[in-house]
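The values are calculated or read from the model by the stated rules, or taken from the named source; none is laboratory data. Predicted, not measured: the structure shown is a model, and the values here were computed from it. Glycine also receives a Cβ, built like all others from the backbone with ideal geometry; neighbour counts cover every protein chain displayed. Just so you know, the surface numbers come from the protein's heavy atoms only, side chains and all, with ligands and any DNA or RNA stripped out. Shrake-Rupley method; radii C 1.70, N 1.55, O 1.52, S 1.80 Å.
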Amino acid sequence: AKVSDSLTWRNKFNAQDTLEFVTLAFANGALQSASGSGLNGLLTQLDLYRYIFLMPETGLNGSFFNADHTASLISSSYAYIADNRTIDKEARGLRSAIIGSLGAPLTFNTDGTLAPDTIDFFAGLCDSFLNQMIANKEISASKTIINPAQNVQATGTLTIAVQNIQTGVARNIIINIGFVAAIS
């Protein structure tokens, strides 16, 4: 699976095989099927508490994960496992792309700002890795930003900012259906 893939993807991640996860139960041993008509309400409540569990899906054979929550606020950039895996891959990949240039010479303009060739060199190292993640559809877009006015001569530290747009996950799908007099 790609790092950006949510384990809730029904067509890709069916946990059931011929031996395991055929009969679903809770940690206390109570079978999900014993919950009867209250199962949906119970699973919804557990999901709101951000638990991860297997569940059946009407119309599909198998057992599927309800979500890929983490123990963080839903508003956090790290609220889902796939987002964490993606950021972690970016951090490892960007470090690998840039580490060989630690200690490399930097050139400056006459006003003390970083020269365009220096900025292009370091941005290119980052972009090479990030463009591969975009090609693999692990992120949607990215931008490498290097402030030419940073005072690298005094600090010895080159700061590079990377912005990216994650790939999305269709956590819910709503289809509005109805009869109309004419198709518009």
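Key figures
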read-out	value
Residue list for the stretch 133-146, filter: open to solvent by 80 Å² or more (accessible area, probe 1.4 Å) and in contact (Cβ under 8 Å) with a residue 24 or more places away in the chain	137
Residue 5 vs. criteria open to solvent by 70 Å² or more (accessible area, probe 1.4 Å) and part of a loop (DSSP other than H, G, I, E, B)	no
Single unsatisfied condition, residue 92 versus (1) over 30 Å from residue 161 (Cβ atoms); (2) open to solvent by 50 Å² or more (accessible area, probe 1.4 Å); (3) in a helix (DSSP H, G or I)	(1)
Residue in the stretch 36-58 that is surrounded by the fewest Cβ atoms within 10 Å (Cβ to Cβ), counting only those that are touching a helix residue (DSSP H, G or I) at 6+ places or on another chain (Cβ under 9 Å) and over 18 Å from residue 73 (Cβ atoms)	41
Evaluation of residue 82 against (1) surrounded by fewer than 18 Cβ atoms within 10 Å (Cβ to Cβ); (2) assigned to a helix (DSSP H, G or I); (3) among the aliphatic types (A, V, I, L, M) (one fails), failing number	(1)
Residue satisfying condition, being touching a Phe, Trp or Tyr at 6+ places or on another chain (Cβ under 7 Å), among the polar types (S, T, N, Q) and closer than 30 Å to residue 52 by Cβ, within set 84, 136	84
Qualifying positions in the stretch 42-100 - of a type outside the set (Val, Ile, Thr), closer than 16 Å to residue 171 by Cα and in contact (Cβ under 8 Å) with a residue 40 or more places away in the chain	57, 64, 65, 66, 67, 68, 80, 82, 83
